[in-house]
1. With respect to the numbered conditions (1) open to solvent by less than 30 Å² (accessible area, probe 1.4 Å); (2) touching a residue at least 60 places away in the same chain (Cβ under 8 Å), which one is the sole condition not fulfilled by ARG344?
2. Given GLY400, GLY392, GLY420, which one is farther than 17 Å from GLU502 by Cα, at pLDDT 80 or above and surrounded by fewer than 16 Cβ atoms within 10 Å (Cβ to Cβ)?
3. Which one of these is at pLDDT below 90 and over 23 Å from LYS241 (Cβ atoms): GLY271, GLY292?
4. Please give the number of the condition ALA235 fails out of (1) among the hydrophobic types (A, V, I, L, M, F, W, C); (2) open to solvent by 20 Å² or more (accessible area, probe 1.4 Å); (3) at pLDDT below 85.
5. Please find, within the range 464-505, the residue that is surrounded by the fewest Cβ atoms within 10 Å (Cβ to Cβ) out of those that are under 18 Å from LEU428 (Cβ atoms) and polar (S, T, N, Q).
6. Tell me the residue from SER341, SER333, SER329, SER287 that is in contact with a helix residue (DSSP H, G or I) (Cβ under 7 Å, 6 or more places away or on another chain) and over 30 Å from LEU185 (Cα atoms), please.
7. Which of (1) closer than 19 Å to ILE358 by Cα; (2) loosely packed, with under 14 Cβ neighbours inside 10 Å; (3) not hydrophobic (A, V, I, L, M, F, W, C) is the odd one out, the single condition SER456 does not satisfy?
8. All but one of (1) at pLDDT 85 or above; (2) touching a Leu at 6+ places or on another chain (Cβ under 9 Å) hold for VAL441; which doesn't?
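The values are calculated or read from the model by the stated rules, or taken from the named source; none is laboratory data. Since the structure is predicted, the reported quantities are computational estimates derived from the model, not experimental observations. As a convention, Cβ positions derive from the backbone with ideal geometry for all residues, glycine included, and neighbour counts pool all protein chains shown. Ligands, DNA and RNA are stripped out before the accessible areas are found, and what is left, the full protein with its side chains, is counted by its heavy atoms. Shrake-Rupley method; radii C 1.70, N 1.55, O 1.52, S 1.80 Å.
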Amino acid sequence: MPRLRLWIWAAAAVAVIVALSLLLQAFNNLVWQLSYLLPPALVGPLLLLLLVLGGGAVLLLRLAWPWLRAWRNPRNAPGPGTQPLPAPSSRQEAAGQQLRAIDPVLERVRDAVAREALRQERDRVEAELSRGDLVLVVFGSGSAGKTSLIRALLQQVVGEVGAAMGSTTTCHTYRLRLKGLQRGLQLVDTPGILESGRDGQEREREARAQAARADLLVLVVDGDLRAAEFQVFEALATLGKRLVLVLNKCDLRGEEEERRLLALLRQRCAGRIATEDVIPAAAAPQSIPRPGGRPLQPGPEVEALLRRLSEVLHQDGEELIADNILLQSQRLSDASRALLSRQRRQDGEVIVDRYMWIGAGVLVVNPLPVVDLLGTAAVNAQMVVELGRVYGVMLTREAGQDLALSVGRTLAGLGVIKGGLGLITAALSLNVPALLVSKAVQGVSAAWLTRIAGLSFLTYFEQGQDWGDGGLQEVVRRQYDLNRREGALSGFLEVALRRVVEPLQRRRDRQLPPRPGPRGEGAGGGPGRRAP
């Protein structure tokens, strides 16, 4: 086997020698013919022109080859075996498809705790697909009468209930059935919102978690929306779920004041909820004193609210459930993809960091003759291939080279190379001796340009191999602006001094000759021999 390889190498060498001989002979013939046809003074310039044109043609073909190959073999053409998923016929089916798509994403997540939490949430949402009850969640501050309203609704539907429930510190769920409604109704009483202290904030987080699982939301207020209540209202309205606003304690104000407050609330909530979903109520009217007798206790006034809830649940109950489950599955899918995206971003930044300092070390040892080549040296094709692999994109070496060249040209075209070189030189001059600056500036600048290019590629892969509306130049310019800010640049320079400048200084110190000792002492530091 080794002898066969030797023969192959010998044959290849002979072929190269023959080809060079033929090429030299053709060149001599061309020179002889030109000397015969042209004056001797024109032969040299013409040969030089032919060489320049030939080299330019070869370079142009090299640059155009990737586009020609991409034109002949489109990269994004679907394979013969790829089949698009069928369009879902219902919201439940769409939610099921999204939940099934979460599993492959979770398998790529390395954080075991976060992965298990998302998997449990996925199982809970999947169980929601087969549940039978509608879920109505009631919110309100401790003084708005939220719990009294729930008590009044229960009393109105199921008859006599127990003693007053008082303030709610945890979530309580009550199940009831409305006449003519096929599904049961779960009425969830949440802890009071807008309470101070750590316990109050914890209870409010629990209430908001219940809101994310609700089919229908009810917010109870006892007057105009204060600033804090309006923030809660906006947070609930942006969840994408049906929201009903209840103006409670209407027994404490006259009819004129009630109409004024309802008009004001409907004006404030216009565009977020329907006008008919702002409803008055009196969950626990105050007793009316009677001379000589026991005070009269009026009954709750919740008929308008109960009628509106019944209309909404009868007309749109199935749609509310379907929308809620689909919304929960979409948010869970977004959360799992965001977790995977953060993991990929961290892995990508590790790769960029590694190539930053590899390139810096190479340029410190072998500086470039022309600083304009820094853009090409800073963008490594292998880095692009590895970044693509992190995002599940398998790029060939040629495709990585094409992307690297395009970003390198953009760095030069936008003036990033010269601007970065000036920034790095000025910053190093403040902390590093002049002799070291001249040796370190190319390496540190290349590392900084590699960082800009690498973060630009991360944006490209995060956006599904798309540079966005502003194109490649906008992405590179944004990364350049972010990385030249004082905080980012000082952090980078701190690492650069440790990774590039300090090793360079230690190497220079080792290469310097030893300092001569005091006069009259030898190299060993002892007394020297007196000269004769």
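1. Unmet for ARG344, out of (1) open to solvent by less than 30 Å² (accessible area, probe 1.4 Å); (2) touching a residue at least 60 places away in the same chain (Cβ under 8 Å): (1).
2. Numbers: GLY400 fails: surrounded by fewer than 16 Cβ atoms within 10 Å (Cβ to Cβ); GLY420 fails: surrounded by fewer than 16 Cβ atoms within 10 Å (Cβ to Cβ).
Among GLY400, GLY392, GLY420, only GLY392 is farther than 17 Å from GLU502 by Cα, at pLDDT 80 or above and surrounded by fewer than 16 Cβ atoms within 10 Å (Cβ to Cβ).
3. Answer to the selection: GLY292.
4. Tallying (1) among the hydrophobic types (A, V, I, L, M, F, W, C); (2) open to solvent by 20 Å² or more (accessible area, probe 1.4 Å); (3) at pLDDT below 85, ALA235 fails exactly one: (3).
5. Among them, the one singled out is SER490.
6. Sole residue among the options that is in contact with a helix residue (DSSP H, G or I) (Cβ under 7 Å, 6 or more places away or on another chain) and over 30 Å from LEU185 (Cα atoms): SER341.
7. Going through the list (1) closer than 19 Å to ILE358 by Cα; (2) loosely packed, with under 14 Cβ neighbours inside 10 Å; (3) not hydrophobic (A, V, I, L, M, F, W, C), SER456 breaks only (2).
8. The single condition VAL441 does not satisfy is (1).
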